[in-house]
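The block underneath contains the structure these notes are about, expressed in structure tokens.
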Amino acid sequence: MTDTEDACVEALRAGRLVILPTETVYGLAADASRPEAVAAIFEAKGRPRFNPLIAHVSDYEQAAAIGQLDDTARKLGEAFWPGPLTIVAPVRAANRVCDLARAGLDSVALRIPGHPGAGAVIAAFGGPIVAPSANRSGRPSPTTLADAVDETGTFAAAALDGGPCSVGVESTVVSILGGGVSLLRPGAVTRAEIEALVGPLVEREQGHRSPGRLAVHYAPDAPVRIEAVAKGDGEILLGFGPGVGDPRWSLSPTGDLREAAARLFRLFREADREGPTGIAVSPIPDEGLGEAINDRLRRAAGFVG
């Protein structure tokens, strides 16, 4: 199942769902302004409707027309857009991203994806789209078209093949609500990179304004055990670093965090196909991109703390 960019644009204009590649993960996309199209995403994913969606736009001007972006947001956008950063801001044009997509909130989550395929489709479509990960809710996000089609392909009218996702974990989400910048979800744009630009982050609980904050999320079928250095009977060990475990199941033999992020969800899916009793994961440094990887692992294991 693969289609052209034009076919994807046509499907979006008809109010249908489309599988699109981004640099983070594959998304299940729809016209952000049409409640019936957005409702179809929630149905396809089995996603709770209190969980807001990210509006993907083609450029900063489109983002600023939808959300109230201040000088801090402009600084973040100039540094990290297009790319794996989402900014939560007060909504300006509520009709452009419907109430259902925003989960009834007075804020809107905005991102300019860095993948050329997604960018071309959004620009040709001419308006914002919502594109949560193209998996059933709670499952690992798909990082290849095949996995996206396997998860939600029966609901999509078109699908664009953009190759394997280069980042492999969902976007960093920050909020500019209430003054200062808060980190709502870690991702490929790291805490240190953001603080180098805008100063210390503000600790403020706004998790309900960000996707991906459920206590159990990103989980394979097999139970996940974190902080593990050895596997028990029937477990598969996802190693990290030189000489740790079977090379086939290594997140990164060299200890490269970007490689580990890009491989995490794919290895979850490959491990599931082996039918293990569980998936154990070697320790990952909790710095830089490791913060995002550990966030996904804790939620996959059903442990957030």
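The values are calculated or read from the model by the stated rules, or taken from the named source; none is laboratory data. Since the model is a prediction, treat every value here as computed from it, not as a measurement. Reconstructed Cβ throughout: ideal geometry from the backbone, glycine too, with neighbour counts over all protein chains shown. To get the accessible areas, we keep the full protein, side chains included, count just its heavy atoms, and leave off ligands, DNA and RNA. Shrake-Rupley method; radii C 1.70, N 1.55, O 1.52, S 1.80 Å.
Structure notes:
- Here is the figure for the range 1-12: residues that are surrounded by 14 or more Cβ atoms within 10 Å (Cβ to Cβ) and farther than 17 Å from Leu145 by Cβ total 3.
- Residue within the range 274-294 that is among the charged types (D, E, K, R), in contact with an Asp or Glu (Cβ under 8 Å, 6 or more places away or on another chain) and either open to solvent by 60 Å² or more (accessible area, probe 1.4 Å) or closer than 20 Å to Ala188 by Cα (or both) present: no
- Selection of the range 1-20 for residues being assigned to a helix (DSSP H, G or I) and of a type in the set (A, V, I, L, M, F, W, C) yields Ala7, Cys8, Val9, Ala11, Leu12.
Yes or no, residue by residue, for (1) of a type outside the set (S, T, N, Q); (2) open to solvent by less than 20 Å² (accessible area, probe 1.4 Å); (3) within 25 Å of Leu145 (Cβ to Cβ):
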site: Val173; (1), (2), (3): yes, yes, yes
site: Gly180; (1), (2), (3): yes, no, no
site: Ala188; (1), (2), (3): yes, yes, yes
site: Ile226; (1), (2), (3): yes, no, no
site: Gly232; (1), (2), (3): yes, no, no
site: Gly239; (1), (2), (3): yes, yes, no
site: Val244; (1), (2), (3): yes, no, no
site: Ala262; (1), (2), (3): yes, no, yes
site: Asp272; (1), (2), (3): yes, no, yes
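- Screening the range 52-152 for strands (runs of 3 or more DSSP E) wholly inside it with 3 or more residues that are of a type in the set (A, V, I, L, M, F, W, C) and either touching a Gly at 6+ places or on another chain (Cβ under 6 Å) or modelled with pLDDT of 95 or more (or both) returns the ranges 85-90, 107-111.
- Residue within the range 190-202 that is under 24 Å from Ala261 (Cα atoms) and within 17 Å of the chain's Cα centre (by Cα) present: yes
- Number of the condition not met by Ala94 [criteria: (1) aliphatic (A, V, I, L, M); (2) without any contact (Cβ under 8 Å) to a residue 24 or more places away in the chain; (3) buried (at least 16 other Cβ atoms within 10 Å of the Cβ)]: (3)
- One residue stands out in the range 40-53 among those that are in contact with a strand residue (DSSP E or B) (Cβ under 9 Å, 6 or more places away or on another chain) and more than 20 Å from Arg92 (Cα to Cα): the one that is most open to solvent (accessible area, probe 1.4 Å), namely Ala40.
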